[in-house]
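Bear in mind these aren't lab numbers, they're just calculated from the coordinates by the rules spelled out. In this text the structure is predicted, and so the values were computed from the model without any measurement. Backbone-built Cβ (ideal geometry, glycine too); neighbour counts: all protein chains shown.
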Protein chains: 2
Amino acid sequence: MNFKVIFRNVSFLLFLLSLSFLLPAFYSLWERDGLFMDYLYPIILSFSIFLVGIQFENEEPDIKEAILTVVLVWFLFPALSAFFYVKTGAIPNPFDAYFESVSGFTTTGASILTNVEALPKSVLLWRSTTHWIGGIGFVVFSLSLLPAIGAGGAQLMRFEASKAMEEKVLPRVKEVARAILVVYLALTLSEIALLKLAGMSLYEAVNHTFATVATGGFSTKNASVGAFHSFAVEMIIAVFMLLGATNLSLYYRAFRKRSFKEFFGYYEVKSLLTITVFATIFSTVILLLDHVYHNPVTAFRYAFFQIATAVSTTGFSSTDYTNWPPAILALIMILSLIGACAGSTAGGIKQFRFLVMLKTIYQELKKTAHPRLVYKITLGDKSLDFTIINTIWAFISIYFMLTVMFGFIITLSGYDLVTSFSASIACITSLGPGLAKVGPAGNFSFFPWFDKFLLSVEMILGRLEVLTVMTIFLPFFWEK
Amino acid sequence: MNFKVIFRNVSFLLFLLSLSFLLPAFYSLWERDGLFMDYLYPIILSFSIFLVGIQFENEEPDIKEAILTVVLVWFLFPALSAFFYVKTGAIPNPFDAYFESVSGFTTTGASILTNVEALPKSVLLWRSTTHWIGGIGFVVFSLSLLPAIGAGGAQLMRFEASKAMEEKVLPRVKEVARAILVVYLALTLSEIALLKLAGMSLYEAVNHTFATVATGGFSTKNASVGAFHSFAVEMIIAVFMLLGATNLSLYYRAFRKRSFKEFFGYYEVKSLLTITVFATIFSTVILLLDHVYHNPVTAFRYAFFQIATAVSTTGFSSTDYTNWPPAILALIMILSLIGACAGSTAGGIKQFRFLVMLKTIYQELKKTAHPRLVYKITLGDKSLDFTIINTIWAFISIYFMLTVMFGFIITLSGYDLVTSFSASIACITSLGPGLAKVGPAGNFSFFPWFDKFLLSVEMILGRLEVLTVMTIFLPFFWEK
Ligand SMILES: [K+]
Ligand SMILES: [K+]
């Protein structure tokens, strides 16, 4: 383990990420809120560290060094952001500030703020910006490092990425990143334009777009998207949550081939859309049957938004659904656990793993009646061997075990089971809001500092696809 | 599919099982409660059907026919028992009667009775008897048919059984059954004797023993085992719940080899005991810290009993733990999902599957840092190939999916999430009581008939290790 290489790379990445403070900095100048210098400190701080790091030789990191680099960045960048929150007094408690920063950078969107609207506008813009950079950061991570490691079957995603670059012999990470950035920017600019057209101010449009395409869920309003009371805004955001929850390299490929079929024929897109359609119809019917709404269009409006927010693990709300029928609340949690497409900004176990699980179960059911059956699992045009299936199964089971474990630890503080376990689900899947005390009308402020810290760790664990972080804690990882 | 063979075997097994009505019949005679004839009707009914079945030729069933036979018996024998409950008026509603019968035969112990003590004593004896015969029936099924099918990695259990018979070249099912029956009878008689010594009446001792060794959980008292207010009784039952939750063929093997190590060195026994010890210490500490009890011995007394009831999926209670700290309630549910040893009367996913899961997860974590790592999973002296691991993982995921699905369906009737999902866990794992409305102080009486029926189906699904029942619903099963 070459710690100098790790230090160099971590300090470089932190400096690079810290440049995103420039956006709220300039907005602060324009707003004259007197916070401009506060935005520069984190940049200066990370630059100073980088000046030390750059002294070390630049070597190609091996896999273990790359893993450690990514994990450190994901733990440290929120610390830099927390330093900013504490420094400005926006969030004085360091554990609260760290939670809010992790929640932003992991695009979780769970908040410890009880009154969002009381914060300076430029600080809220920074909060939304952590979503945006965390979102693109995660996609690049999951299309480059993750497939190289192969954690949880992510090697399947490598082929996707290389297909996008099939002209090149050796498609490089940087090229993937560049392609993704173009797609991400296109999505961002389109949504800002549409929200502006729908009547939002540019400031609100930018903030909510950052939180949408990153499937983050932070809003500048206490009532989240519901505050705008606009059907158009809700529909635009719902559609862009789904767009952000789709494999970003797929847009690139579909565009290159000028083929809609390339996009809509992709197995994860098909399953995501199928789930969304059925869950929306189901929720609409339940809302009508339970007399929550009497108008089918109103029922559809709120049902579609909340289902889109669940499958994309965004966590916005267009209404306080705390008292909706328990079946829909359960559905929201189940959908966020399944999650959306790999290679998107969304969380959860991901559609492709869920599909492999369903297909394996189906074959094993057949095998029960025909014990000598030999079967093969395919996904799209790929045939999966047992090694990959086994990795996927390990991923899913460790994901659930961690969800249960963190939920269990929260119950130790005496919180009820629904609050504890939904908080755990909301953090590991990067959904954001849970149920009961941490539901759409609540927040995470009441937890003691150690629960907040544990949930921060859980958000990072979930974001980095659990195995990546956990492998570091094995003695094996540190052996020569 | 030879339906005549199936009919013959099902009718024979139903008749054989119906003979167990003779026990409460004779008790009824002795008690002079006038119900004697009512106990004979089910025997006469099943004998009449058997008279038709015996006309068909006796052929060796193939695997699909064997599966269908077992599933039919597990669905139909409770119907016979329900017929009895309805006929005597003990449980007038047929869905209630079927639920109670399924709950007995699957050794679940969930009840729709609001006042157990109001029933005639011989009827309660029948209720306990359904546990006892369901328990031995399940063990024979899981040590003979299940390993032959290999569903969910059960082929691992076959080796256990054949080792017990290693002198024989072809150990036969009948021999396994005979060995198991000896062990089961020995456990039963020992517990009856001990409970009698501890001051219980013979009637109570027999009833509670039936419910203990079968890890069933039906009691003749509304307050369950707590009604006896006896430390000795609670400890005897706690220990026998654990004994009943241990692979029964292991006793036989250990006895043959005169070796305690054979018993306590077995991986499932080791993990079951480890979990029990740690969970008991943990719960004792939490009960003391939360000031539920002030005396460490009292805290231990209730904690140990409730943990033993959870890991063994028995479902007795020695106190109303509804208001215990949520962490212990969560723990009870988690432990019952893990379950106890394969080849025992207990439910849950079983220790060996849990161990395979943990071992695979550990290896996959290593593999994350070393993508080219090739690993092997061993269990005891057996090395598992990927085919078996894959079957186990399919089992675990289908088990959890069904638990979530049934819980979700219950929420559709508007019940809160804790009630719905804990009811689902309690039925699939054959634990019995859940939390909230279906907790130790509650029961399943308030559910609408369709929920009761669905939960009955879930109990059978869980008992027959899910895959066995589900494979029947595939079109594939019915193809030539
Ligand atoms: K989110
Ligand atoms: K039970």
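Helical runs (DSSP H, four residues minimum) scored at -39500 (n - 2.57) apiece and divided by the length of chain A put the mean residue ellipticity at 222 nm at -21500 deg cm²/dmol.
Centre-to-centre, using Cα atoms only, the stretch B:213-233 and the stretch A:181-207 are separated by 65 Å. Charge tally for A:Phe228 (other residues, Cβ to Cβ under 12 Å; Lys, Arg +1; Asp, Glu -1): -1.
Taking other Cβ atoms within 10 Å as a rough exposure proxy, A:Trp324, A:Trp393, B:Trp478 sort from fewest to most as B:Trp478, A:Trp324, A:Trp393.
Site pair A:Leu51 and B:Val277 shows an inter-label distance of 5.8 nm when each label is modelled 7 Å from Cα along Cα→Cβ.
From Cα pairs below 8 angstrom and at least 6 apart in sequence, can you work out the relative contact order of the stretch B:229-333, rounded to a whole percent?
On the way: 81 pairs, mean separation 30.6, N = 105.
Result for the stretch B:229-333 is 29 percent.
Which whole-number percent is the relative contact order of chain A (Cα, under 8 Å, 6+ apart)? Taking the mean separation of contacting Cα pairs over the length of chain A, I get 17 percent. Counting Cβ atoms of other protein chains within 10 Å of each residue's Cβ and taking the mean over peptide B:139-150 gives 1.
Per-residue mean of foreign Cβ neighbours for B:209-217 is 0 (Cβ atoms of other chains, 10 Å radius). Since only B:Leu113, B:Leu185, B:Phe218 are under comparison, the one whose Cα sits farthest along the positive direction of the charge dipole of the protein assembly as shown, derived from C-beta charges on Lys, Arg, Asp and Glu, is B:Leu185.
Counting other beta carbons within 10 Å of each residue's own, what order do B:Leu402, A:Leu189, A:Leu384 fall into, fewest first? Before the final figure, lay out the partial values.
Values: B:Leu402 18, A:Leu189 12, A:Leu384 21.
Ordered from fewest to most neighbouring Cβ atoms within 10 Å, B:Leu402, A:Leu189, A:Leu384 come out as A:Leu189, B:Leu402, A:Leu384.
With each label modelled as a point 7 angstrom along the Cα→C-beta vector, the B:Lys174-A:Ile44 pair spans 9.1 nm.
Highest mean first, how do A:339-345, B:406-412 rank when packing is the count of other Cβ atoms within 10 Å averaged over residues? Could you put the intermediate results ahead of the total?
Values: A:339-345: 29.4, B:406-412: 21.9.
Ranked from most to least packed, the peptides come out as A:339-345, B:406-412.
Other residues within the sphere of radius under 13 Å centred on the Cβ of B:Arg127, judged by their own Cβ, net out at -1 (K and R +1, D and E -1). Compute the label zone of B:Ala232 within the stretch B:174-202: residues whose backbone N is under 17 Å from the point 7 Å along Cα-to-Cβ. Label zone hits: B:190-202. Note on B:Lys367: aspartates and glutamates with a C-alpha under 20 Å away, same-chain residues under 8 apart excluded, are A:Asp62, A:Glu65, A:Asp385, A:Glu465, A:Glu479, B:Asp385.
Residue by residue along B:409-418, Cβ atoms of other protein chains within 10 Å of the local Cβ number 5 on average. Using a cutoff of 8 angstrom between alpha carbon atoms and counting only pairs six or more residues apart, the relative contact order for the stretch A:1-92 works out to 43 percent. Distance from the Cα centroid of the stretch A:34-84 to that of the stretch B:251-282 is 51 Å (rounded to whole angstrom).
Residue exposure proxy: A:His370, A:His208, ordered by other Cβ atoms within 10 angstrom of their Cβ from fewest to most, comes out as A:His370, A:His208.
At a Cα cut-off below 24 Å, give the lysines reachable from B:Lys257, other chains included and same-chain residues fewer than 8 away excluded. Here the lysines satisfying the reach criterion relative to B:Lys257 are B:Lys163, B:Lys168, B:Lys174, B:Lys270, B:Lys382. For B:Leu379, nonlocal amide neighbours, meaning residues 5 or more places apart or on other chains whose placed amide H falls under 5 Å from its own, are B:Leu384.
Principal axis extents of the Cα atoms in the stretch B:1-92, from largest to smallest and rounded to whole angstrom, are 46, 23, 16. Cross-link reach is defined here as a Cα-Cα straight distance under 17 Å, omitting same-chain residues fewer than 8 places apart; for B:Lys121 the lysines meeting it are B:Lys87, B:Lys221.
Counting only other residues whose beta carbon sits under 9 Å from that of B:Phe477, what net charge do I get with K and R as +1, D and E as -1? Write down the numbers at each step before the final one.
Working: positive: A:Lys366, B:Lys64; negative: B:Glu479.
Result for the neighbourhood of B:Phe477: +1.
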